[in-house]
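The values are calculated or read from the model by the stated rules, or taken from the named source; none is laboratory data. None of the values given here were measured: they were computed from a predicted structure. Cβ sites come from the backbone with ideal geometry, for glycine too, and all protein chains shown count toward neighbours. The area values use the complete protein model at the heavy-atom level, side chains included, leaving out ligands, DNA and RNA. Shrake-Rupley method; radii C 1.70, N 1.55, O 1.52, S 1.80 Å.
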Amino acid sequence: MARIIVITSGKGGVGKTTSSASFATGLALRGHKTAVLDFDVGLRNLDLIMGCERRVVYDLINVISGEANLNQALIKDKHCDNLFILPASQTRDKDALSEVGVERVINDLIQMGFEYIICDSPAGIEHGAIMALTFADDAIVVTNPEVSSVRDSDRILGIIQAKSRRALNGDEPVKEHLLITRYSAKRVESGEMLSYQDVQEILRIPLIGIIPESEAVLHASNQGNPVIHLKDSDVSLAYQDVIGRFLGEETPLRFMNYEKPGLFKRLFGAK
Amino acid sequence: MALLSFLFNTKPKSASAAKERLQIIIARERSGRSGYDFLPALHAELIAVISKYTKVNPGDITVSLDRKGDLEILDVNVVLPDAEVPATSAPARR
């Protein structure tokens, strides 16, 4: 049975698209047929992060309005044979993203044998964000350890509990997962940043992972490579752990403790 | 003083303030949120049900939820049109 996963946050700039790209790639690397959909109509960026911006011909809105079929619009990922990207429209009116249209696209993807359908939500709580979460079975709420991000995450959780199809139909509720990104264990240790325990205590949903603040993320997005491909980076390992936990594996948390650099590191400034 | 704080690296510990503020504001926002979301749907369904039996103007049905301390009051107000006066549009059709 296919699972539909929304990557959402309320607040912008916390790492939704970065996380969508790496999460989708991670599932595909595990052998699952995966599609990742950009719901940010007017401000698409998933194509850039996935490195397929020059291959975009048709988009989600073209498919919804019947100007293209899904096979024409889906872009095959450059690294994984079983990963496909459906970009958002750059120009069109947001109202074109109709609920029946989105439902049809998702059902068609399920018919095509996709096991995981990842919906990359736009920031905010407007139409695009609602459409991204409407059909979700799981929600990954991306949160920075910072006051405005935590508050907005709580807000979007309320919306998931009120407006998702599962909530409206009275089905089993959307499974919520907390993903803390841009985490600096050093700043947490010195009392400058909310700890992951603090964030979890406030939001009260299960933690699926902690992604450390890292230069690797910018390095990866510069090149149009999902950061999970940077094999030796902390961030890649952290995203791989997230995939494992999502698939039901018991993986202990890491990167949540600060290790003081040794004398050698401090003297020679090695990273 | 600047030299002292440089030597002992005393940074302000502000994370606890962040946590405290978040706990207060989120508790308040959650209490305002819960329960209110079904009202528009309830309103629409009430109009549909009542319209099955009698003519009613959607504006004459109001649904509201009030909170007084621990007590929540769901207030549904339906104003039925006067039965004696026939609806103005009905005779014109024949």
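Values as computed for the structure displayed
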quantity	calculated
Dipole magnitude of the range A:11-112 about its Cα centre (Cβ charges: Lys, Arg +1; Asp, Glu -1), debye to nearest 20	380 debye
Solvent-accessible area buried by pairing A with B, both sides, nearest 100 square angstrom, 1.4 angstrom probe	1500 Å²
Gaussian network model of chain A, springs between alpha carbon atoms under 10 Å - residue of A:L133, A:L179, A:L247 with greatest fluctuation	A:L247
The protein assembly as shown shape via C-alpha gyration tensor axes, a/c threshold 1.5	oblate
Between the range A:1-77 and the range A:136-158, the Cα center-to-center distance that results, in Å	20 Å
Per residue, in Å², the accessible surface of the range A:122-164 once ligands and nucleic acids are set aside, probe 1.4 Å	28 Å²
Dipole-positive endmost among A:Q240, A:A35, A:F268 within chain A (Cβ charges, Cα centre)	A:F268
Beta bridges per DSSP with both ends in the protein assembly as shown, % antiparallel, nearest 5	25 percent
Average partner coverage of A:196-206, which counts Cβ from other chains inside 10 Å	2
Computed E for B:A48/A:K265 - FRET, C-beta separation, R0 45 angstrom, nearest 0.05	0.05
Filter on A:K163/B:K68; A:K16/A:K175; A:K260/B:K19 - keep pairs with C-alpha separation over 21 Å	A:K163/B:K68; A:K260/B:K19
Within the range A:236-255: backbone nitrogen closer than 16 Å to the A:Q197 label point (7 Å, Cα to C-beta)	A:253-255
Cα gyration tensor shape of the range A:227-268, rounded if a/c is under 1.5, else prolate or oblate by comparing a/b with b/c	oblate
Cβ-derived FRET efficiency at R0 41 Å, A:N69 paired with B:L39, nearest 0.05	0.50
With every protein chain in place, the protein assembly as shown: carbon and sulfur % of accessible area (1.4 Å)	53 percent
Per residue solvent-accessible surface (Å²) - the range A:55-119, probe of 1.4 Å	48 Å²
Farthest toward positive dipole pole in the protein assembly as shown [+1 Lys/Arg, -1 Asp/Glu at C-beta], among A:H229, B:L22, B:I61	A:H229
Over the range A:50-193, relative contact order from alpha-carbon pairs under 8 Å, at least 6 apart, %	17 percent
Qualifying aspartates and glutamates (Cα of each under 12 Å from Cα of B:K55; at least 8 residues distant if same chain)	B:D82
Candidate lysines for bridging to A:K265, where Cα separation is under 25 Å - those fewer than 8 sequence places away on the same chain excluded	A:K186, A:K231, B:K11
